[in-house]
Amino acid sequence: MPFGIEEMFFSKTDKRGVIDDFNDVFVRVSGFSGEDLCGAPHKILRHPDMPKAVFWLLWNGLQNDKAVGAYVKNKTKDGKYYWVFALAAPVSDGYFSVRIKPSSEMHEQVIALYKEIRAAELAEKLTAEQSAQRLLARLQDMGFPNYGWFQSAAFGLEYEARQTALKAPPMLDVANTQTASKLTEDLQRELADLAGEFDGAEILTANMKIFAAKLNQGRAVINEVAKNYDLMLRDIQSHLKTLLVPPKSDGIWNMPEGQRAGFMLCGYHLLNEVVHGYEAEKAASGEAVTPEDMHQLHMLRSAYKGQSDKSVDDCVKSALTVQRRIEFLLRMVLGLSTIRIACRVEAGSLRQTAHGLDTIVGRLDEFQDRIETRMVRIQQLATDILMSIGTR
Ligand SMILES: Cc1cc2nc3c(=O)[nH]c(=O)nc-3n(C[C@H](O)[C@H](O)[C@H](O)COP(=O)(O)O)c2cc1C
């Protein structure tokens, strides 16, 4: 059943999923009359191709107070079908769902995925929950650690594809939030790699101590240098660990704050269109928009914006902390340099008797260059995050 990419439809249900409000596009596309829809359970649209896994996830999310984005194939009254990308969320007395026409590449992948999951459900007589676990495992194979990650990626892609199809100017706030989100994940990866460098550095001082043990002259000095270097390394390492916050990927709904910010912001823009469209629709039909309807829509719109802003704030806070801490750690690395120079001086004076110390010092030089380069890169990433958020 065709409908335009510019069209958007919504429905509202009570807590049981019984429809109590909708717009004209919904009536036209579903083929049901307003009387059919009002008071009907939402499952009158259920298409037999739809895996029950998806509805299990939808209800799990809504009942846990989450906004849920999902691809859904629906059945019309006369047996046709239409695909939507739906964004559903809890409101005070029920649930509200906005739908757009899916047009991104992700939709093609999901059609194949749903086919596979539905076939498994029927062949293996899976319960809805078992099937949801199967779906989550397949999403992991596709690179999404959980449903939260998947839905934010899918919604971002659908939103962007729709804007492109409508030849609408790109939404700068969405683009910048997505950039900040990606940079925040890059930043965490860089921090983890830097921590890895420090873990690997223990071998450098261990080698130095082994080397010192073989010396007659200079043993105490080299040992002391190695001990100090070790202490400094450990100190830096423990500061670094406080900055490591791997993106949340456990559970079904967790997602990195940057992704949440983008997801909620797209939700806000969709709701904006719904509010304006609904007002225009009511005005055209001469019907009054009930204050209750509008209130719900406005509340949901501000909730999406509020959650997006909060997640953006979290990204800003973590970028600022990283900037401050790395500045401090760079100063500590300077301290490491002092010890390394002491070691180099010692290597010079022991050159005749201590062959091999030069190589060890050379490794320290390389290590130090690598961590300084990484730290500068991390600072740049933190600055870029703040810049992209600042230009939202
Ligand atoms: C806000 C909201 C929107 C929903 N939209 C749809 C929909 O478009 N299509 C659909 O088949 N089910 C939709 N559902 C889910 C149905 O309530 C129902 O769970 C689903 O059709 C599967 O039916 P079953 O649970 O009896 O198997 C929606 C539920 C809510 C709360």
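The values are calculated or read from the model by the stated rules, or taken from the named source; none is laboratory data. For clarity, every value in this text was computed on a predicted model and none was experimentally measured. Positions of Cβ are generated from backbone atoms using ideal geometry, with glycine treated the same way; all protein chains shown enter the neighbour counts. Areas reflect the complete protein model, heavy atoms only, side chains present, ligands, DNA and RNA absent. Shrake-Rupley method; radii C 1.70, N 1.55, O 1.52, S 1.80 Å.
Observations, loosely collected:
- Most fluctuating residue given options ARG260, ARG331, ARG46, as computed from a GNM of the chain linking Cα atoms under 10 Å: ARG331
- Across all directions, the shadow cast by the convex hull of region 128-237 built on its C-alpha atoms averages 12.5 square nanometres.
- Normalised per residue, the accessible area of the chain is 47 Å², obtained with a 1.4 Å probe and no contribution from ligands, DNA or RNA.
- Rh by Kirkwood over Cα pairs, then Stokes-Einstein D for region 6-58 at 1.306 mPa s and 10 °C, µm²/s: 134 µm²/s
- Fluctuation leader among LEU172, LEU240, LEU87 - the chain, Gaussian network, Cα springs under 10 angstrom: LEU172
- Extreme residue, positive dipole direction of region 9-144, given options LEU57, VAL68, GLY79 (C-beta unit charges): GLY79
- Counting only alpha carbon atoms, the long axis of helix 219-241 and the longest principal axis of the chain meet at about 10°.
- Contact order relative to length of the chain, as percent, for alpha carbon pairs under 8 angstrom and 6 or more apart: 17 percent
- The residue list ALA213, PHE150, ILE100 was ranked by how far each Cα lies along the charge dipole of the chain toward its positive end, using unit charges on Cβ atoms, and ALA213 comes out on top.
- Calculated FRET value between LYS227 and THR373, using beta carbons and R₀ = 25 Å, to 0.05: 0.40
- Phi angles of region 327-339 translate, via the Karplus equation with coefficients 6.51, -1.76, 1.60 and θ = phi - 60°, into HN-Hα couplings of 4, 5, 5, 4, 5, 5, 5, 4, x, 4, 4, 4, 5 Hz per residue; Gly and Pro are given as x.
- Hydrodynamic analysis of region 9-144 uses the Kirkwood radius over alpha carbon pairs. Inserted into Stokes-Einstein at 25 °C and 0.890 mPa s, it gives a translational diffusion coefficient of 159 µm²/s.
- Enclosing the Cα atoms of region 325-387 in their convex hull gives a volume equal to 54 cubic angstrom per residue.
- In this simple spin-label model, placing a label point 7 Å from the Cα along the Cα-to-Cβ direction at both SER92 and LEU215 gives a separation of 7.7 nm.
- Cα long-axis angle, helix 147-165 against the chain (0 to 90 degrees, to the nearest 10): 70 degrees
- Relative to one another, the C-alpha centroids of region 239-277 and region 60-138 are positioned 20 Å apart.
- The alpha carbon convex hull volume per residue for the chain rounds to 162 Å³.
- Evaluated with a Cβ-only charge set (Lys, Arg +1; Asp, Glu -1), the chain carries a dipole of roughly 960 debye about its Cα centre, given to the nearest 20.
- Using a probe radius of 1.4 angstrom, the carbon and sulfur fraction of the accessible surface of the chain is 56%.
- Region 9-144 - charge dipole about Cα centre, Lys and Arg +1 at Cβ, Asp and Glu -1, debye rounded to 20: 220 debye
- Take every pair of alpha-carbon atoms less than 8 Å apart whose residues are at least six positions apart; their mean separation over the length of region 9-144 yields a relative contact order of 25 percent.
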